[in-house]
């Protein structure tokens, strides 16, 4: 079976259990039977070959046959802090960032932002990460971090290589080979306010330009992920 | 008025005319009146300040007040030859490539491709280019070229810096500063066939890898456009 299935609990023992949508998909859509082999991942970095051992109404129990460490993560660990766009564009953003190997998405609460990162939205984004990971072969889940207020996030002194997308900033150029972690902030459609920008600059966030067009929020974030992964 | 309006005919004289959807949008949605000033572009590279001179049922006539050359094109001219994805993903692909400054999209007809670039689809994509250009400020339209058969396109000897996205290819690295035109081919979900790939290699297309995950078609194309525009 070529599809990959996601197990919510870390797989540590000799069995694993699929529940809810994943179990339904395996038995109803893929019509798996006891004895069939499938590929599982638990988001921790490894993938597993497993054999269907028991099918019940509520769950599918699988016997783990093999564990493989398959690491598809890019060289630099990228955190994107983004004033989320609305509707479908949110889901696209997450799908593309997952494919392109971003490590973490931090929903930014900004003065001019339009989408509120409420709990239901965050849960939806987490589900989109799993769906994209199943498809692209990535075994580590992109983290959807708890939302942060922009000025508070800009003052976080645990971050290194801090970039803020701003028209008129420096061009990105090529990524220095010694860089291992990057944080990049993308503002809402109307941009960060002067007050937000002031906090960023006071905390050594470096303004970078993403070309001369006006990019939509999700385009800017995807472009940074592609640049970080490919250059 | 902050919106930009697209004029199908190149603007060369002292007046211009908006018709159909653009005219409707100006008068019905934006409620423009005679004497109002608006920004026009005709896809040739310039934008114009114009004043509404006459509103009729079929068209809006505008008087050109100023012509400005505003060039937002990236340094390297990028052609993406892509086995189009299906449905909404096609529209997204075009929107993002337009924002990121790709010069040209060539729909590739491949053996394993799923979406047929029929005339209605091509017309829809051209409309998506205009919509994205209005929003991102680009004054030159990304060209939606006529569809080409992959093997025939690979043998086209008018192209330079020819890249073909293939798992296991070289990494992209940074874009050499002397490169002024790039062509990059992106295959369908199942990849190019060995026969198609053979023609590409015989014609000096260089296989490049876009990271270790399996990227969807539109993600691969967007990533190349971001890389070409930002590195």
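None of the figures in this text is laboratory data; all of them are computed from the coordinates on show. This one's a predicted model, so the numbers in the text were calculated from it and none came from an experiment. Cβ coordinates were reconstructed from backbone atoms using ideal geometry, including for glycine residues, and neighbour counts include every protein chain displayed.
Return B:208, A:118, A:82, B:94 ranked ascending by Cβ neighbour count within 10 Å, so the fewest neighbours appear first. Intermediate values should be presented prior to the final figure.
Working: B:208 19, A:118 11, A:82 29, B:94 26.
Ranking B:208, A:118, A:82, B:94 by Cβ neighbours within 10 Å, fewest first, gives A:118, B:208, B:94, A:82.
Return the distance in nm (one decimal) between the two label points of a simple spin-label model at residue B:178 and residue A:54, each offset 7 Å from Cα along Cα→Cβ.
Modelled inter-label distance: 6.9 nm.
Taking a label point 7 Å from Cα toward Cβ, how far is residue B:71 from its twins in the other copies, in nm, shortest first?
Values, ascending and in nm: 4.6.
Take every Cα pair under 8 Å in chain B that's 6+ residues apart, average their separations, divide by the length, and report that relative contact order as a whole percent.
Details: 452 pairs, mean separation 48.3, N = 231.
Here the relative contact order equals 21 percent.
What does a probe at residue A:198 reach in the stretch A:148-175, counting residues whose amide N is under 17 Å from the point 7 Å along Cα→Cβ?
Answer for this model: A:150-155.
Once the label point is set 7 Å along the Cα-to-beta-carbon vector, what list of distances in nm do you get between residue B:87 and its counterparts in the other copies?
Nearest first, the other copies' label points are 1.6 nm away.
What gaps in nm, shortest first, separate residue B:31 from its twins in the other copies when you place the label 7 Å past Cα toward the beta carbon?
Between copies, matching label points for residue B:31 lie 6.0 nm apart.
May I ask you to sort B:177, A:174 by Cβ crowding, counting other Cβ atoms within 10 Å and putting the fewest first? Intermediate values should be presented prior to the final figure.
On the way: B:177 8, A:174 12.
Neighbour counts put them in this order, fewest first: B:177, A:174.
So how far, in whole Å, is the C-alpha centre of the stretch A:165-231 from the one of the stretch B:124-200?
26 Å
Taking each residue of A:132-143 in turn, how many C-beta atoms of other protein chains fall within 10 Å of its C-beta, and what is the average? Walk me through the numbers before you get to the answer.
Values: counts 3, 1, 0, 4, 7, 4, 3, 0, 0, 0, 0, 0.
That works out to 2 on average.
Can you give the calculated 222 nm mean residue ellipticity of chain B, where each DSSP H run of n ≥ 4 adds -39,500 (n - 2.57) and the sum is split over every residue, rounded to the nearest 500 deg cm²/dmol?
Calculated at 222 nm, the ellipticity per residue is -8000 deg cm²/dmol.
To the nearest 10 degrees, how steep is helix B:217-230 against the longest Cα principal axis of chain B, on a 0 to 90 scale?
Around 70 degrees separate the two axes.
How much of the DSSP beta bridge set in chain A is antiparallel, as a percent to the nearest 5? Don't skip to the answer; put the middle values down first.
Numbers: 20 of 45 bridges.
Antiparallel: roughly 45 percent of the beta bridges in chain A.
In peptide B:205-214, what is the residue-averaged number of other protein chain Cβ atoms found within 10 Å of each Cβ? Don't skip to the end; give the middle numbers.
Details: counts 0, 0, 0, 1, 1, 5, 11, 10, 14, 6.
Average neighbour count from other chains, rounded to a whole number: 5.
Would any residue of the stretch A:57-72 have its amide N under 17 Å from a label point 7 Å out along Cα→Cβ of residue A:34? List them or say none.
A:57-64
Which of A:168, A:45, A:191 moves the most in a Gaussian network model of chain A with Cα springs under 10 Å?
Of A:168, A:45, A:191, the Gaussian network model singles out A:168 as fluctuating most.
What order do you get for A:138, B:54 when you list them from fewest to most C-beta neighbours inside 10 Å? Walk me through the intermediate numbers first.
Details: A:138 27, B:54 12.
By the 10 Å Cβ count, ascending: B:54, A:138.
Could you work out the relative contact order of the stretch B:4-69? I mean the mean sequence separation of Cα pairs under 8 Å and 6+ apart, divided by the number of residues, in percent.
Values: 126 pairs, mean separation 23.8, N = 66.
Relative contact order comes out at 36 percent.
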